[in-house]
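Following: one structure in structure tokens, then a few remarks.
The values are calculated or read from the model by the stated rules, or taken from the named source; none is laboratory data. These numbers were taken from a predicted model, which means no experiment stands behind them. Quick reminder, even Gly has a Cβ in these numbers, built from the backbone with ideal geometry, and neighbours come from all protein chains shown.
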Amino acid sequence: MNNMNLVRGIVLMAVALLFGIGSLNYQIGQFSRSGPGLFPLMVSCLLFLIGLISAVRSRFVKPVPLSYNARSIFFVLLGLCGFALISQHLNMIVGIVFLVFCVSGAGTSYSVVRNLKISAGLIVVAFMFRTLLGLQLPLF
Amino acid sequence: MEILNNLAFGFEHALTLHNLWYCAIGCMVGTLVGLLPGLGPLSTISLLLPLTYSLPTDGSLIMLAGIYYGAQYGDSVSAITMKIPHASSIVACIDGYQMTLKGKTGLALFTAGISSFIGGTVAIVVLATLAPTLGEVAFMFGPADYCALMLFGFMCVSFVTTGSLLNGLAMAFIGVLLGVVGTDVNSGIARFTLDMPFLMDGIGLISIALGCFGIAEVVKNLDSGSQLTPFNGKIKLMPTWPEFKRIIPSALRGSVIGSILGILPGGGPTIAQFAAYAIDKRFSKYKDEIGHGAIEGVAGQAAADEAAARTSFIPLMSIGIPENAVMALMMGAFIIKGVQPGPNMISEHRDLFWGLVASMWVGNVFLVILNVPLVRYWLSVFKIPFSVLFPSILFFCCIGTYSINNNLDDIFITAIFGLIGYIFMRLKLDPAPLMLGFILGPMLEENFRRAMLISRGNFNVFVNRPISATLLAMIALFIVWQLVTFYYQSRRASSEVAA
């Protein structure tokens, strides 16, 4: 199962099914007078076909193991979502500190002092964006 | 004569103090960000695009163009000094890095800079001559022809960027499907919006670009856990006269190749460099030295790179079809600024078009007079460790997404696309065709529905029109060729297993 080529085919087919089944909710119409669902349905069919070919082809070529590292992507996504949530409900300065401290967990080394320095630098940059470029940042 | 008139008109616009300023800032910031590991022109442009929102239309497009050239030069600098390539500077790694090993970094950087200047200058002449003429050709295109042209573009880009037609096409189709999200222009029905109001206008270009290129790149670098050793060598920039003489012929050859390859669909800097390098290796007077740190190995590809980067604007500005992912992003920027690239652009926005063409050359001059002498200071960017850099890059991604609509919800979308981009990267699916599909998707649907409406649902319209018939025939031939190669490859592989 741990075969990148096969997983790729399955992922492509899944995306195609997602959009293809979704497009059935809209009016399909005819080619001469197409409804909103026709075009996505056609493209999904093509994509499904490609996914199917990829999956079948993976049986004939040498399997390549799928490698991934969940740690980095987890910390990065957590940092981004946390930043957005905190900025929404509290303010962006706290958001920046959270972002820096959270995503650093994905790095090779962790240093509180360094994180504080980066946070301070980014807060200064955010203030500059606000005053110089006129961005509406909810800083406090 | 008319070209000279038009160019003079363009320079009149490009040489205003404001536009000069935007161009200079674009080149400098582009170089600085382009130098950073893992950030190629695509990610640099998507990262810096939000900066241009508050500027006037002509200024912002001029600045973006500057960012693009700056990023490309920055790329070749990181390739030459430290062998960190991006898609657009793979070739610069070969001879450029060899020259660094020989202690000739300065000469390599100077060669790359001056060759880009030569390439850019040649390309601008081509651009000024061809773009208006091609604009007239575009009026011969009907909806069916546009469809065929876009499909042809998908195929070329898929093959060139990923090397695998199947994977590239899959990504292009996913991009087309993502482009469908939002309100259908014909019926007014909201499609695939999951009842979320902020998806009614469709998914934001920046969310996809920053997610798939910015965030996914950062995570990729984190995964590999790579630590860079900064470049600490000495740099002597000025070449001797015999060295200088070697740059010229190779750069001119590269300029011509780059200008031609830049115009073709799927073309652009990447393929142009390889072609120029291959030709230099065959026809140069010093062909035996190429591959071991020859000036020609740097000059030809740098000129081709730059020339192709400029002439790839021709299809975008004259026909309205971007031919690679960078141009698709540029097209997005044009549209955000209310300028629809296409055959009417030259007549409707004459000052903008010629101003942009002229500012490309001004950008070249800036590259030579600013970046080349200052390159030793730019290199200090590498002294920033990655552990400091990546939180900052992620922060800029957030600010970039937020600043479009002043909406924090957009950051969630960007994060989702970061995850999607990461999955694609792990599955070895290149997001560049996805970008092209996303931008061209709505146009493809519109033209397909129009063609079907005109022909009353008859698919013959694609075969009866000469332009679309030719393009579709080329697509068919290409697919057959791919099938045949795959068949022979698998036969050879199975016979090897049997043996």
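Remarks
- Taken over the stretch A:37-64, the criterion of being loosely packed, with under 15 Cβ neighbours inside 10 Å and among the aromatic types (Phe, Trp, Tyr) is satisfied by A:60 alone.
- Output for the stretch B:185-213, where each listed residue is assigned to a helix (DSSP H, G or I) and away from every other protein chain (no Cβ under 11 Å): B:197, B:198, B:199, B:205, B:206, B:207, B:208, B:209, B:212, B:213
- Residues that are in contact (Cβ under 8 Å) with a residue 60 or more places away in the chain and of a type in the set (A, V, I, L, M) within the stretch B:407-418 comprise B:413, B:415, B:416, listed in sequence order.
- Test result for residue B:352, surrounded by fewer than 22 Cβ atoms within 10 Å (Cβ to Cβ) and not small (Gly, Ala, Ser): yes
- Cβ pairs under 9 Å, 6+ apart, first in the stretch B:190-216 and more than 26 Å from residue B:47 (Cβ to Cβ), second among the polar types (S, T, N, Q) and in a loop (DSSP other than H, G, I, E, B): B:191/A:25; B:200/B:193
- Number of the exception - residue B:478 against (1) within 14 Å of chain A (Cβ to nearest Cβ); (2) within 25 Å of residue B:171 (Cβ to Cβ): (1)
- Residues of the stretch A:65-88 satisfying the condition of being at pLDDT below 90 and surrounded by fewer than 23 Cβ atoms within 10 Å (Cβ to Cβ): A:65, A:66, A:67, A:68, A:69, A:70, A:71, A:88
- Verdict on residue A:135 being on the phi < 0 side of the Ramachandran plot, in contact with a Ser or Thr (Cβ under 8 Å, 6 or more places away or on another chain) and without any contact (Cβ under 8 Å) to a residue 12 or more places away in the chain: yes
- Selection status of residue A:72, more than 8 Å from chain B (Cβ to nearest Cβ) and polar (S, T, N, Q): no
- Pick from the stretch A:94-112, criterion more than 7 Å from every other protein chain (Cβ to nearest Cβ) and at pLDDT below 90, ranking: surrounded by the most Cβ atoms within 10 Å (Cβ to Cβ): A:105
- Residues (part of a helix (DSSP H, G or I) and either at the interface with another protein chain (Cβ under 9 Å from one of its Cβ atoms) or out of contact with any Ser or Thr (no Cβ under 8 Å at 6 or more places or on another chain) (or both)) located in the stretch B:457-475: B:463, B:464, B:466, B:467, B:468, B:469, B:470, B:471, B:472, B:473, B:474, B:475
- Some residue of the stretch A:19-39 being farther than 30 Å from residue B:458 by Cβ, at pLDDT 90 or above and of a type in the set (Gly, Ala, Ser): no
- Looking only at residues of the stretch B:32-55 that are assigned to a loop (DSSP other than H, G, I, E, B) and in contact (Cβ under 8 Å) with a residue 24 or more places away in the chain, we find that the one that is nearest to residue B:432 (Cα to Cα) is B:40.
- Any hit, the stretch B:137-147, residues being in contact with a Gly (Cβ under 9 Å, 6 or more places away or on another chain) and aliphatic (A, V, I, L, M): yes
- Residues satisfying the stated conditions in the stretch B:376-413, i.e. at the interface with chain A (Cβ under 7 Å from one of its Cβ atoms), among the small types (Gly, Ala, Ser) and over 20 Å from residue B:216 (Cα atoms): B:403
- Qualifying position, being more than 9 Å from chain A (Cβ to nearest Cβ), more than 26 Å from residue B:60 (Cβ to Cβ) and buried (at least 22 other Cβ atoms within 10 Å of the Cβ), among B:373, B:433: B:433
- The residue that is farthest from residue B:325 (Cα to Cα), among those in the stretch B:405-456 that are outside any loop (DSSP other than H, G, I, E, B) and of a type in the set (S, T, N, Q), is B:405.
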